[in-house]
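One structure below.
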Amino acid sequence: MITIKTLLIIEDDLSFSSILSNILKKDYSIYLAFSLKQASQILMENKIDYICSDYNLTDGFGIEIIKFFKKCNKKIPVIIMTASLDNQITESTISSGAISAIEKGDCDFLTKLKTHFPI
């Protein structure tokens, strides 16, 4: 029996989240959250294998979700994505416990994501 991995995308840009989820739904079962509050609720109610979160969200920073699920004793690989990746964001992302930071405009974005999140 093949089990499809679940991916929670946390992104407050509706257009980008729609495009990304449409591309990735071929390989993953997708959950969408547009805020940290929504993401927290989804994490409480569902088994999530991977999280891909925007760095800057309307209600905080994407890395805050790592603190949330650690409190719930969950260990979930997280990738943080941002429109403007720099060394400071990369360092804060990795030191917070994310496995990677990816720039949204990177031409290898999907390849990098799938490398970290095996199907």
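The values are calculated or read from the model by the stated rules, or taken from the named source; none is laboratory data. Quantities reported herein were computed from a predicted structural model and do not represent experimental measurements. Neighbour counts run over all protein chains shown; Cβ positions are idealised from the backbone, glycine included. Heads up: the accessible areas ignore ligands, DNA and RNA and are worked out on the full protein's heavy atoms, side chains in. Shrake-Rupley method; radii C 1.70, N 1.55, O 1.52, S 1.80 Å.
What accessible area per residue, rounded to a whole number of Å², is obtained for the chain using a probe radius of 1.4 Å? Before the final figure, lay out the partial values.
Values: 6700 Å² over 119 residues.
Spelled out: the 1.4 Å probe surface of the chain, per residue, equals 56 Å².
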Requested in this report: Provide the FRET efficiency to the nearest 0.05 for the Lys5-Asp86 pair, computing r from the beta carbons and using R0 = 25 Å.
Outcome: 0.25
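Which whole-number percent of Cα pairs in the stretch 1-52 have a distance greater than 16 Å? It would help to have the intermediate numbers written out before the result.
Working: 476 of 1326 pairs.
I get 36 percent for the Cα pairs in the stretch 1-52 exceeding 16 Å.
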Query - Loop-located trypsin sites (Lys or Arg not before Pro) in the stretch 6-49, at most 11 other Cβ atoms within 10 Å (DSSP) - result: Lys26, Lys47
Report task. Treating the Cα atoms of the chain as identical point scatterers in vacuum, please give the log10 of the normalised Debye intensity I(q)/I(0) at q = 0.18 Å⁻¹, two decimals. Result -> -0.89
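Based on the Kirkwood radius over alpha-carbon pairs, what value in µm²/s does the Stokes-Einstein equation return for the translational diffusion coefficient of the stretch 65-112 at 10 °C and 1.306 mPa s? Working shown, then result.
Working: Rh = 11.4 Å.
Value of D from the Cα-based Kirkwood radius: 139 µm²/s.
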Report summary line: Once all protein chains are kept in place, Ile19 shows an accessible area at probe 1.4 Å, nearest 10 Å², of 100
